[in-house]
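What follows is one structure encoded as structure tokens, with my remarks underneath.
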Amino acid sequence: MNLFGILDVSGSALDAERQRAEIVTSNLANAETTHTAQGGPYQRQLVVFGTRKPKLSLFGQVFNGSHKQNAQGVRVERIVVDPTPPLQRFEPSHPDADKQGYVSYPVINPIEEMANLMEAARAYQLNVAAIQATKGMITASLDILR
Amino acid sequence: MSWMETPLLQRMERFLDMASVRQSLVSSNIANVDTPGYRTRDIDFEKEMQRAFAAPDSPPEPNVREIHGLIERPDGNNVSIDRETMLLAQTQLQFQTGIALLKSEFKRLTTAITEGKS
């Protein structure tokens, strides 16, 4: 794998971690949402990561055709919905209340979400550090020409 | 071997190749720090260099293996951030050392070409 291919591996992680942060912030934003387009309260979502073969441009494939691909990128394999039943709160005046006067609220623990968000941010920073290291190597190679 | 291919140049080429293979694996490990079931992968740098030097004309493909003895998390992932960041810095410095040596070797050849005038 050439050095530019390594950037793709780290780049895939940036993409995946950003998507994870998006989902987490969506969970936090909708912690009190009782009304969704699908009906019922908002349901907490979680991302599942999986490995991914790095994408290569056609130009890159020509030069890497004989090379074995060892490095693996990452991608969001799927987004799962937390199956925990919604929280019932007694609010008879609420427009979304059922016949008994209970309103279904999403089960979202802000601490858990914040921890998840911090983890995503740290992983993002780590991958940015990896990109910077690879960039340093590419710049050093270009230095031979000088 | 032509005069342009000094033993040092050939060895430095292998060295830089190996450093980029390692960089790709370290980046891959870092990218998959949160992937369930992912196992840390790396090469044995010294062993691979020895293998490459033993067969300078047809260098073998580096042997990528899983690293054992790392602490595994409940999701089956055993990437250690400390190990990877350390290797990231190390590989980068190794690469820069290789480039510096390569440059000095080219300079030496240039000196020979210009009869030591520049």
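The values are calculated or read from the model by the stated rules, or taken from the named source; none is laboratory data. This is a predicted model, so every value here is computed, not measured. Don't worry about glycine lacking a Cβ; one is built from the backbone with ideal geometry, like all the others, and counts go over all protein chains shown.
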task = Report yes if B:LYS103 is facing chain A (nearest Cβ under 7 Å), of a type outside the set (Asp, Glu) and surrounded by fewer than 19 Cβ atoms within 10 Å (Cβ to Cβ), otherwise no.
result = yes
ask   = Taking interchain pairs and intrachain pairs at least six residues apart, which have beta carbon atoms under 9 angstrom, with the first residue in region B:23-45 and at the interface with another protein chain (Cβ under 7 Å from one of its Cβ atoms) and more than 14 Å from A:ARG52 (Cβ to Cβ) and the second among the hydroxyl-bearing types (Ser, Thr, Tyr) and in a loop (DSSP other than H, G, I, E, B)?
value = B:LEU25/B:THR40
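Going through region A:4-44 one residue at a time, which ones are of a type in the set (A, V, I, L, M) and free of Cβ contacts under 8 Å to residues at least 40 places away in the same chain?
The answer is A:ALA29, A:ALA37.
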key: Residues being free of Cβ contacts under 8 Å to residues at least 12 places away in the same chain and assigned to a helix (DSSP H, G or I) - total across region B:58-84   = 1
inquiry  = Suppose we keep only residues that are in a loop (DSSP other than H, G, I, E, B) and not β-branched (Val, Ile, Thr) within region A:103-140. Which one would you say is surrounded by the fewest Cβ atoms within 10 Å (Cβ to Cβ)?
reply    = A:ASN109
key: Qualifying position, being crowded, with 21+ Cβ neighbours inside 10 Å and either of a type outside the set (Gly, Ala, Ser) or under 22 Å from the mean Cα position of the chain (by Cα) (or both), among B:PRO62, B:PRO56, B:PRO36, B:PRO74   = B:PRO62
request  = Please go through region B:1-22 and pick out each residue that is without any contact (Cβ under 8 Å) to a residue 60 or more places away in the chain, under 19 Å from B:SER104 (Cα atoms), surrounded by 15 or more Cβ atoms within 10 Å (Cβ to Cβ) and not acidic (Asp, Glu).
outcome  = B:GLN10, B:ARG11, B:ARG14
note = Output for Cβ contacts, cut-off 7 Å, separation at least six or different chains, first residue within 11 Å of chain B (Cβ to nearest Cβ) in region A:110-138, second among the aromatic types (Phe, Trp, Tyr) and buried (at least 16 other Cβ atoms within 10 Å of the Cβ), reads A:MET137/B:PHE95
key: Conditions (1) more than 11 Å from the chain's Cα centre (by Cα); (2) at the interface with chain A (Cβ under 8 Å from one of its Cβ atoms); (3) under 16 Å from A:LYS135 (Cα atoms): number failed by B:THR97   = (2)
ask   = In region A:1-28, which residue that is among the hydroxyl-bearing types (Ser, Thr, Tyr) and within 12 Å of another protein chain (Cβ to nearest Cβ) is surrounded by the most Cβ atoms within 10 Å (Cβ to Cβ)?
value = A:SER10
key: Where B:SER2 falls short, out of the listed (1) in a helix (DSSP H, G or I); (2) modelled with pLDDT under 90   = (1)
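Pick from B:SER80, B:SER104: which is among the polar types (S, T, N, Q) and under 21 Å from A:ALA71 (Cβ atoms)?
B:SER80
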ask   = When you go through B:GLU48, B:GLU66, B:GLU115 one by one, which is the residue that is touching a helix residue (DSSP H, G or I) at 6+ places or on another chain (Cβ under 8 Å) and more than 7 Å from chain A (Cβ to nearest Cβ)?
value = B:GLU48
